């Protein structure tokens, strides 16, 4: 667990926890996770063999730059994801066995604008960011997927997604040319809120209500992340499962630095 940092311009303390599991079906884990002091994200790799793992690792390594070089605008986060896309394509050119690899990316990071920090939520693909506040949870991100487009067009009901033949087809991913356009949202931090960042190995196994209940059950975000991953594996574990839980608590406004070690990068 990272017991965090106090958001500048507020008296709120950020804590986080992360967990990942290969699941019951796959033979290796292509997800990568970062849970640092100011960036929290999941990347769900694809491409077979070790290629997906390479792509997702490239993304979290790129996102780690935000720890040392904090963004000042949401556009900085989008630009960094485009840079990650470039690095994936470059790696595939240098290593032909990796061609065709790609990855999703979803997460939340801190942007320092005018001396006050805000959240920037970002997404490419069908990994998700949920926000829990005031005993409610909603999905901040929008899936970039074929089934999401069919739902939006009124051609598919949400209850039909689990058995639809296109349920695993995404419409945006990192590792493509031209680079995909990331979605970004800016949110003001709120005491008591939580974020759940996850690969679709969680959201495909558990209903949103179950995710909310498990995320709220544990005060410690590490315990929450562990239990969410375990629940998805128990429910079937048909894919790799990765989760980051971020908790925002009322804290000591005079604190200026991290009060515990950073969680760092988490990989299979």
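The values are calculated or read from the model by the stated rules, or taken from the named source; none is laboratory data. Keep in mind the model is a prediction, meaning the values are calculated, not measured. Quick reminder, even Gly has a Cβ in these numbers, built from the backbone with ideal geometry, and neighbours come from all protein chains shown.
List of remarks:
- Taken together, the residues in region 32-60 that are under 22 Å from residue 169 (Cβ atoms) and assigned to a loop (DSSP other than H, G, I, E, B) amount to 3.
- Residue 240 falls short on exactly one of the conditions (1) in contact with a strand residue (DSSP E or B) (Cβ under 8 Å, 6 or more places away or on another chain); (2) modelled with pLDDT of 95 or more; (3) under 23 Å from residue 120 (Cα atoms), and that condition is (3).
- Among the residues making up region 183-195, a single one is over 18 Å from residue 38 (Cβ atoms) and within 15 Å of the chain's Cα centre (by Cα): 183.
- Any hit, region 163-179, residues being assigned to a helix (DSSP H, G or I) and farther than 20 Å from residue 43 by Cα: yes
- Applying the criterion of being within 18 Å of residue 187 (Cβ to Cβ), in a loop (DSSP other than H, G, I, E, B) and in contact with a strand residue (DSSP E or B) (Cβ under 6 Å, 6 or more places away or on another chain) to the residues of region 1-31, the residue that is modelled with the lowest pLDDT is 9.
- Single condition residue 150 does not satisfy, out of (1) touching a helix residue (DSSP H, G or I) at 6+ places or on another chain (Cβ under 7 Å); (2) over 27 Å from residue 58 (Cβ atoms): (1)
- Residues located in region 82-139, provided they are assigned to a loop (DSSP other than H, G, I, E, B) and farther than 20 Å from residue 35 by Cα: 95, 99, 100, 101, 114, 115, 134, 135
- Selection from region 101-120 of residues that are at pLDDT 95 or above and out of contact with any helix residue (DSSP H, G or I) (no Cβ under 9 Å at 6 or more places or on another chain): 106, 108, 119
- Test: residue 19 is farther than 27 Å from residue 113 by Cβ and touching a helix residue (DSSP H, G or I) at 6+ places or on another chain (Cβ under 9 Å): yes
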